[in-house]
Structures are given as C-alpha cells and as structure tokens.
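The values are calculated or read from the model by the stated rules, or taken from the named source; none is laboratory data. Please read all numbers here as calculations on a predicted model, not as lab measurements. Here the Cβ positions follow ideal geometry from the backbone for every residue, glycine too, while neighbour counts run over all protein chains shown. All accessible areas refer to the heavy atoms of the entire protein, side chains included, with ligands and DNA or RNA removed. Shrake-Rupley method; radii C 1.70, N 1.55, O 1.52, S 1.80 Å.
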Amino acid sequence: MSDKTIVHLVRHGEVYNPAGVLYGRRDGFHLSELGNKMAERVGEALAGRDIVHMRTSPLERAQETAAPLAAARGLTPTIEPRVIESSNKFEGIGFSEGAMTFVKRPSLLRHMYNPLKPSWGEPYDEITARMMAAIEDARDEARGHEAVVVSHQLPIWITRLFLEKRSYLHHPKSRQCTLCSVTSLHFEDDKLRQVAYSEPAADLIPVADRNAPFSAGGAKPEDRP
C-alpha cells in the first residue's frame, strides 16, 4: 500500500515595509498588523489538517506566519535555511515606484541581461535544488500525513514551475502565489501526483499587492483596504 503525503508550501503574510524596500534576506522585517491577521487565517484554514511536521525559513516574517498554525497543531517548526528567500542584487533598494525605479536609476538595468538565469539574483536552478531537498526531507518526516513549509513567493513559484515542467521565464505579475497562499504538493510514495493551490487570506490582500509587477513584499499603510 502506497503512502499518500501532502507538503503544503505556505507563503508568508504581509510585511510592515512603509518605505517599499526590496528587503530580500535582510533581518528586521516583521509581519504587519494585517500580515498577522493573514497568518491567523491560514492557521485556521490548516488547523484541522493532518499536519505532523513543520519547517520555516529563518526570516522573521516566515516564522511569524508559521506561529499560529504551529500553536494550533502543537508543533515546533524546524528552522530550514534551504527555504529562505532568494538572493537579489536589488536588495535594499526602494521599489515603491514600481517599474519607474529603473527609469530613474538606469544603472540597475545592467543586471537585467539574462532573465532565464536570472542575472540579477540567485540562479533558478539553485533555488529549485535547495527547495526540493527541503521538501523531500519534509515529506519523509511526514510520511502518510501532511507537512507545512513556510517560505517566500519566488522560491515557491519557481519550485512549482520546475515540478510542472514549465519555463522559468515569467513576469512577476503572473505568479500564482499571493500572501499567505498555500501550494499543496500531493505525493504517493515519492512520486508527485498533484499540485493544488488555495488562498485562505485572499480577502485580506491589499489591492496594491494583487497586481504589483515589482512588489517589494509589503504594501504601504495607505494602500490597505
């Protein structure tokens, strides 16, 4: 009899980031008040699932997103460096003006020569390699049950493209990975059978974050509904 295991990839909630900085792997960026509500929502949505194992990126926003679900399930999440945000040459730059940032700072364009790698950050192949290693370990820990891995938008989305054998080339606006979304990987033994997607906190997502092509990961307070 085969083991059916589900690994849920959860993106963190909204971050307090009034300056619109692309914070990447920087410390000190925590969930906003709304982000904490999102975390509570995803915790409620998954609390009744057969979750026996949790892993989270070491960044504060991911650990804070994991906390409500961990409390509900009585679990202590493992800190998992392999599911951290991708590195990026634009880290620390303010992107509150979206694409206009490149118009006002044309020197940034020198990093944009190869969107398939990508040239401005951690190679996609490296992201998927570390993510898949962590996912497989989480699956093994939860054999016959379910696991949760709390990570970040780009690592989750690139991993999904890899699993679905799709091109890495994409526009950030096209990513199906909203704040506190859940990308669920259904395995039979070690074989992936299905990828499902849900948005437990969809009604809480600020309008500015739904279609932002160069989102810094957190809306300004005035952009919130």
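Contact map, the range 147-164: first residue acidic (D, E), second residue open to solvent by 10 Å² or more (accessible area, probe 1.4 Å), Cβ cut-off under 9 Å, separation 6 or more or different chains; pairs are E164/V195.
Considering each residue of the range 1-39, count those that are in contact with a helix residue (DSSP H, G or I) (Cβ under 8 Å, 6 or more places away or on another chain), surrounded by fewer than 19 Cβ atoms within 10 Å (Cβ to Cβ) and outside any loop (DSSP other than H, G, I, E, B), and give that number. Residues flagged as in contact with a helix residue (DSSP H, G or I) (Cβ under 8 Å, 6 or more places away or on another chain), surrounded by fewer than 19 Cβ atoms within 10 Å (Cβ to Cβ) and outside any loop (DSSP other than H, G, I, E, B) within the range 1-39 amount to 2.
Which one is surrounded by the most Cβ atoms within 10 Å (Cβ to Cβ) among residues in the range 40-61 that are aliphatic (A, V, I, L, M) and assigned to a helix (DSSP H, G or I)?
First pass over the range 40-61, keeping only residues aliphatic (A, V, I, L, M): 42, 45-47, 51-52, 54, 59.
Narrowing further to those that are assigned to a helix (DSSP H, G or I): 42, 45-46.
Values: V42: 28, A45: 18, L46: 22.
Going through the qualifying residues, I end up with V42.
Can you tell me which residue is modelled with the lowest pLDDT among those in the range 160-189 that are of a type in the set (G, A, S) and open to solvent by 40 Å² or more (accessible area, probe 1.4 Å)?
At the first step, the residues of the range 160-189 found to be of a type in the set (G, A, S) are 167, 174, 181, 184.
Next cut, open to solvent by 40 Å² or more (accessible area, probe 1.4 Å) only: 167, 174.
On the way: S167: 94, S174: 90.
Filtering first and then ranking leaves S174.
The set of residues from the range 150-159 being among the polar types (S, T, N, Q) and open to solvent by less than 10 Å² (accessible area, probe 1.4 Å) comprises S151, T159.
Of all residues in the range 62-95, those satisfying the criterion of being at pLDDT below 95 and surrounded by fewer than 18 Cβ atoms within 10 Å (Cβ to Cβ) are S87, K89, E91, G92, I93, G94.
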